[in-house]
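Written out below as structure tokens is the structure these notes cover.
The values are calculated or read from the model by the stated rules, or taken from the named source; none is laboratory data. Every value quoted in this text rests on a predicted model; they were computed, and no experiment measured them. Neighbour counts run over all protein chains shown; Cβ positions are idealised from the backbone, glycine included.
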Amino acid sequence: MKEGIMEKLKEHDGQFLFIRETLNRHDGQFHRIMEKLEQHDRQFLFVMDKLKKHDEQFIFIMKKLKQHDEQFKITNKKLKQHDKQFEFIMKKLKQHDIQFVKIDKRFDRVDERFQKIDERFDRVDERFQKIDERFDGLEHQVDFLAEKFMEHDARFDRIEARLEETATKKDMSHVMSTLDKVLGFVTKIDQEMTMMKHGIKRLTIDMERVKPLVGLA
């Protein structure tokens with residue numbers, strides 16, 4: 001019986017040894033499990049930190065997207081304003097085209113007026129030419145009259161000398177009448193020259209008035 005008890009105790013010792021070894025293995029496994037759990041905790045913390053950063057990035061991205069939406073709205077508004085401005089500019093350009101057409105027509109009318117002024121200048125030049133010719137004729141006549149006066153003076157001197165000897169009142173009257181006619185003719189020529197000078201003066205004044213209109217002043 002004692003031997004049986006000893007065998008039982010040996011069996012129990014073996015079982016306790018097995019249990020202890022098993023518990024030791026379990027302790028090792030639990031230790032590894034705890035290490036794994038700690039690693040998982042660290043990984044979860046890392047993941048949570050990453051998720052938090054992602055959340056912040058998403059918030060930043062959403063904020064940026066919202067800003068972009070606002071910028072797109074502003075851009076679209078600006079583009080609409082530009083469209084209106086372009087329409088206004090095109091309208092103005094069209095008005096300018098119409099004004100240029102009117103200006104071209106006015107230039108055509110101005111050209112016509114210049115043409116008429118040139119024609120008037122040609123006529124004025126012709127009149128000046130005629131006046132010069134008349135002056136030449138008058139100067140020739142004056143020279144001729146001067147010569148005649150000199151001849152008449154000589155004749156009058158001779159006539160006076162002879163009249164002093166033989167002239168009657170009738171002869172003196174005839175001579176004086178002739179002198180009056182000659183003097184009247186000379187006076188008429190002098191008046192014509194004076195009138196021509198006034199005409200030239202008026203033409204000169206008219207030309208001075210016309211010069212600013214044609215850009216010659």
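Worth a mention:
- Among the residues of the range 105-130, those identified as within 30 Å of T187 (Cβ to Cβ) and at pLDDT below 70 are V124, F128.
- Residue among K91, K102 that is within 50 Å of the chain's Cα centre (by Cα), at pLDDT 90 or above and part of a helix (DSSP H, G or I): K91
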